[in-house]
Each structure stands twice: as structure tokens, then as C-alpha cells.
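> Right, I'll just put the structure down here and ask away after.
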Amino acid sequence: MSQQNATPKEEPVIRICDLKKEFVVGDTVVHALKGLNFELEKGGYMSIMGTSGSGKSTLLNILGCLDTMTSGEYFLDGINVARMNDNELSAIRGRKFGFIFQSFNLIPQLSVLENIEVPLFYQDWDEKDSRAKSTRLAEMVGLSHRVQHRPSELSGGQRQRVAIARALSNDPSVIFADEPTGNLDQETGREIMQILDDLAKQGRSIILVTHERAIAEHANRMIRLVDGQIVSDERK
């Protein structure tokens, strides 16, 4: 009787192994992250929760290839990025990630459409194709009537919608949302979280960083950091 082969496990989009980050402050070594281990499966919706100083921003910067770890391994789509140089990390950021920040980080001199197009410009997209895709994304986040406006002419919620559209423009492997509702009123914050929830339902891989449990609970998995260590890992 022949034995059936087991279905191979799909490679997670992110896998970190014994990730550590240390800073030297004067004569003191600060252990910001203390040997973290976890995986994010493709299509996973994960929140990283913690108070100020817990290490969540440091972790986000490393996962987003904005900073490097002191030791450990970091696999992105099966590729070890832990020892990549600055140019390689920059290329990974442009191709693989979409970022949504608390402060929106839009370019004030550019229109809504031009802000959405920025990642595509750096990927050398054809101008016509770039404009068409950015127009579709603006429509998707409900801003088709505001595409020629500049950020100063938009509400906070509209600015965050632009940031979400921009984060989607390069079809990223992972979307990082760093306190995405932090500068918004409660109602607008709910609208923005609904967009993120809908993206997760569409199969997007999302890592949400927050200090608010009510926001963290939108995700299907919640990791809580205290003093650079994972103290809980809850799954719905």
C-alpha cells in the first residue's frame, strides 16, 4: 500500500527567528528586542500591541527593512533579508511593502493622484499605466472626486485614505499600518479600520501596530510586547 505524500506547508510571508536588537547608549547596552520568534502566513492579519518603550516600533522598523537587527534571521517570502545591505533593503521596501503611518507622510506639493503614484515612479512604471492604476486606487478608497486636490485640502480621514491607496500601489507582500487611527477622530478611525478589515478579507497580509487593544482586536492574531519580549500571542 503506497503512502501518500503530505501536502507541503506554504512558506509564510514573514518568518523571524531569535530576532534581537541592541542599542548602545553611552556605556549601557539597551536590549530593545530579546529573541523574538513568529511567523505571518500569507493573507494573515496580525496586530503588534504594546505601550511606549515595549519595542513595537523597533520591531516594525526591522520588519519593514527600515532598520537592521543585531542578530537573528528574517525571512521574507522565503528569502533571508537579515544580512542585506542598504541598497538591497531599499529595493525590498519598494517592491514588497506598503506603509501606512499615523502622520500620513504625504508629499504636500503633490496631488492625491501624484501621491498615490510615488511608489510606481520609483519602480519605473510607464506614466500612462501608473496614472490608470492610481486612478483606480483613488476610486477604491472613495476619493475619485478629490484626485487633483493636495493634502492640505483634505481631512485627516481623506489623507489616510490616500496613504492606504499609496500603500497598495505596488501590490505589496505586506502592508504595515503604524497607529493608522492615531491622528483621527473616533468615527473616522472606524472608517479607516473598516478599509483595513476589508483588505484583510481580500487576502492581503497586514501587520497593524498599535497601543490600543480595541484597534488590535480587529486583527485575527494579537501579539503583545513588553520590554522587548512577546508576553502573549492570541489567535481568534
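The values are calculated or read from the model by the stated rules, or taken from the named source; none is laboratory data. Source: prediction; values computed, not measured. Heads up, the Cβs are rebuilt from the backbone with ideal geometry, glycines too, and the neighbour counts pull from every protein chain shown.
> Pairs, please: C-beta under 7 Å, at least 6 apart or cross-chain, first residue over 25 Å from Asp197 (Cβ atoms) and of a type in the set (Ser, Thr, Tyr) and in segment 138-155, second surrounded by fewer than 18 Cβ atoms within 10 Å (Cβ to Cβ) and modelled with pLDDT of 95 or more?
Ser152/Pro108
> Would you pick out the residues in segment 122-137 that are part of a helix (DSSP H, G or I), touching a residue at least 12 places away in the same chain (Cβ under 8 Å) and not small (Gly, Ala, Ser)?
Listed by number, the residues that qualify are Tyr122, Arg131, Lys133, Thr135, Leu137.
> Could you check segment 105-128 and list, in sequence order, the residues that are surrounded by fewer than 20 Cβ atoms within 10 Å (Cβ to Cβ) and either in contact with a His (Cβ under 6 Å, 6 or more places away or on another chain) or among the aromatic types (Phe, Trp, Tyr) (or both)?
Correct list: Phe121, Tyr122, Trp125.
> For residues in segment 205-236 being among the basic types (Lys, Arg) and at pLDDT below 95, which is nearest to Gly157 (Cα to Cα)?
Within segment 205-236, the match that is nearest to Gly157 (Cα to Cα) is Arg213.
> Go through segment 38-80 and give me each residue that's acidic (Asp, Glu) and either part of a helix (DSSP H, G or I) or touching a helix residue (DSSP H, G or I) at 6+ places or on another chain (Cβ under 6 Å) (or both).
Residue satisfying the conditions is Asp67 alone.
> Considering only segment 166-196, state which residues are touching a residue at least 24 places away in the same chain (Cβ under 8 Å), polar (S, T, N, Q) and either assigned to a helix (DSSP H, G or I) or closer than 19 Å to Asn115 by Cβ (or both).
Selection gives Ser169, Asn170, Asn183, Thr188.
> Another one. Spot the failing condition for Gln148; the list is (1) closer than 25 Å to Thr58 by Cβ; (2) at pLDDT 95 or above; (3) not in a helix (DSSP H, G or I), and only one is missed.
Here Gln148 clears every test but (1).
> Does any residue in segment 35-49 that is buried (at least 17 other Cβ atoms within 10 Å of the Cβ) come within less than 6 Å, Cβ to Cβ, of a residue that is among the β-branched types (Val, Ile, Thr) and not in a strand (DSSP E or B) six or more places away or on a different chain, and which pairs are these?
Once the first residue is buried (at least 17 other Cβ atoms within 10 Å of the Cβ) and sits in segment 35-49, its partners that are among the β-branched types (Val, Ile, Thr) and not in a strand (DSSP E or B) give Leu40/Val13.
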